[in-house]
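Presented below is the structure to which this report refers.
The values are calculated or read from the model by the stated rules, or taken from the named source; none is laboratory data. Worth saying up front: this structure is predicted, and the values here are computed from it rather than measured. Every residue, glycine as well, gets a Cβ built from its backbone with ideal geometry; the counts of neighbours run over all protein chains shown.
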């Protein structure tokens, strides 16, 4: 459960700050960072079968290639919801620049970072271990998040950086503006691939559905930890958004819970990891899975990742296309909007493996009581 506003204020008064320069010198970690053993079950040292999809060949339009890649995606997403893409059209130099600019943010003095906090109920700004949201089971990470959406000639990401960090961060903001534009373009290709894999007659159905939508860009840093066996960089959870486009550095740590065991996704410098979120699970009528995943922490090396979460426009009704619903496979979820699901996770439910079912129960109950 997330903290109420009053609880959050009380917790912040305790003064717990994610200052790794101090935490790494302490003989014992604060208990707030120590996860129960049931969450720390060891990896099986197996790699998840997350197929590599050559997007250039898929988009070239060869019938056999499109069918082959669609089948790979269908199998992966029906099982665990993860696949990878290469030849995606995103320039390697832009990805590298996005990683390099993370230092400009996270190496700021601690008091400067704390002056641009991610506030309760918001998803933008700096967060150290999410201490503003939770009182225990804190993730061992720092994040900086901001919105992106298409808005004509307005540079949304660039303007955000200048407004919260000042004119000195104009170049940083320009890099992330270009990165978000590239991610937005790539997501359109991915929605076409997903539509083809699901057998939707209009292969542009999902691409059109997400036009004008919003995205959340998040930069993650997972510092080294002297006792990585006691902490998690990110606890087990499912993404509540539609799809996630992740680029991870070469340190590794991402694991997916599938077939009753944790399996890793080995980093590949030229690949993006794509996973299905709860919202797209509903858009696929449950055909594709939003799967539990977590992030481990390294004892010696810092890990970084770039994450782009895609969501539909606030007023779009989340429901599957009619041609994947039938008498044999009727609707599994009620109509809802993305803000309704997001508000549920902020006010009532810490994102986990049960988020979507819990939301549906809460949503149907709230509608009945009106």
Output for segment 292-319, where each listed residue is under 17 Å from residue 190 (Cβ atoms) and in contact with a helix residue (DSSP H, G or I) (Cβ under 9 Å, 6 or more places away or on another chain)
306, 308, 310, 311, 312
The lone exception for residue 323 - which of (1) under 26 Å from residue 46 (Cα atoms); (2) modelled with pLDDT under 95; (3) more than 18 Å from the chain's Cα centre (by Cα) it fails:
(1)
Can you tell me which residue is surrounded by the fewest Cβ atoms within 10 Å (Cβ to Cβ) among those in segment 130-147 that are farther than 18 Å from residue 295 by Cα and modelled with pLDDT under 75?
135
Of these, 317, 360, which one is surrounded by fewer than 19 Cβ atoms within 10 Å (Cβ to Cβ), more than 30 Å from residue 103 (Cβ to Cβ) and at pLDDT below 95?
360
Restricting to segment 254-267, and then to whatever is part of a loop (DSSP other than H, G, I, E, B) and under 18 Å from the mean Cα position of the chain (by Cα), can you tell me which residue is surrounded by the most Cβ atoms within 10 Å (Cβ to Cβ)?
265
Out of 337, 345, 355, 279, sole residue that is within 17 Å of the chain's Cα centre (by Cα), buried (at least 16 other Cβ atoms within 10 Å of the Cβ) and within 25 Å of residue 203 (Cα to Cα):
279
In segment 144-162, residue farthest from residue 309 (Cα to Cα) [restricted to those that are free of Cβ contacts under 8 Å to residues at least 60 places away in the same chain and touching a helix residue (DSSP H, G or I) at 6+ places or on another chain (Cβ under 9 Å)]
162
